[in-house]
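These notes concern the structure reproduced below.
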Amino acid sequence: DVFFICYDESNREENWQRVLKFHSDAQKITNVDGISQAHLLCNELSKTEKFWTIDGDNWLLQKLEITDEPDVDLLFFDALDPIDKTISSVGSVKLWKKNEPAGEAHE
């Protein structure tokens, strides 16, 4: 499952349309108060063992796929910060293992 989490990002709709180009079945999670709560909702809604979250200010560069299944609960992927143009894993794309304590790794 792929979830796009947005709140009040100025470029959220453009980024959402980009996600849909790669993942037409992605789900949009919007206006949930607090990123941890949004991650918990994704965990609840996910029907797969692992699921992706994409923060609303992220411009997806390619389809999200993992060919080798890592034995970890959470993976962070780097993204370009739209404000200061630096690359980091804060507020980016993440691969979660379902039913792990979503949101506790960061905030």
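The values are calculated or read from the model by the stated rules, or taken from the named source; none is laboratory data. Here the structure is a predicted model, which is why all the values come from computation and not from measurement. For neighbour counting, all protein chains shown are included, and Cβ atoms are generated from backbone atoms with ideal geometry for every residue, glycine included. The protein model used for the area step is the full one, side chains on, heavy atoms only, and it has no ligands, DNA or RNA in it. Shrake-Rupley method; radii C 1.70, N 1.55, O 1.52, S 1.80 Å.
Taking the range 45-63 as the range and being closer than 23 Å to N31 by Cβ and touching a strand residue (DSSP E or B) at 6+ places or on another chain (Cβ under 6 Å) as the test, the residues that pass are F51, W52, T53, I54, D55, G56, N58. Just one of (1) surrounded by 13 or more Cβ atoms within 10 Å (Cβ to Cβ); (2) at pLDDT below 85; (3) within 14 Å of the chain's Cα centre (by Cα); (4) on the phi < 0 side of the Ramachandran plot fails for L61. It is (1). Checked against (1) on the phi > 0 side of the Ramachandran plot; (2) at pLDDT below 90, A79 passes all but condition (1).
Of the residues screened, K28 is not one that is among the basic types (K, R), over 17 Å from N99 (Cβ atoms) and assigned to a loop (DSSP other than H, G, I, E, B).
Within the range 1-13, the set of residues being assigned to a helix (DSSP H, G or I) and touching a residue at least 12 places away in the same chain (Cβ under 8 Å) comprises just one member, R12. Among the residues of the range 46-58, what is the count of those that are more than 11 Å from V2 (Cβ to Cβ), open to solvent by 20 Å² or more (accessible area, probe 1.4 Å) and not charged (D, E, K, R)? The total comes to 0. Set side by side, the residues I35, I29 differ, and just one is out of contact with any Lys or Arg (no Cβ under 7 Å at 6 or more places or on another chain) and at pLDDT 95 or above, which is I29.
Residues in the range 29-45 that are crowded, with 21+ Cβ neighbours inside 10 Å and either closer than 13 Å to E9 by Cβ or among the polar types (S, T, N, Q) (or both): A38 alone.
Is there a residue in the range 12-28 that is exposed (fewer than 13 other Cβ atoms within 10 Å of the Cβ) and touching a strand residue (DSSP E or B) at 6+ places or on another chain (Cβ under 8 Å)? For the range 12-28, residues exposed (fewer than 13 other Cβ atoms within 10 Å of the Cβ) and touching a strand residue (DSSP E or B) at 6+ places or on another chain (Cβ under 8 Å): present.
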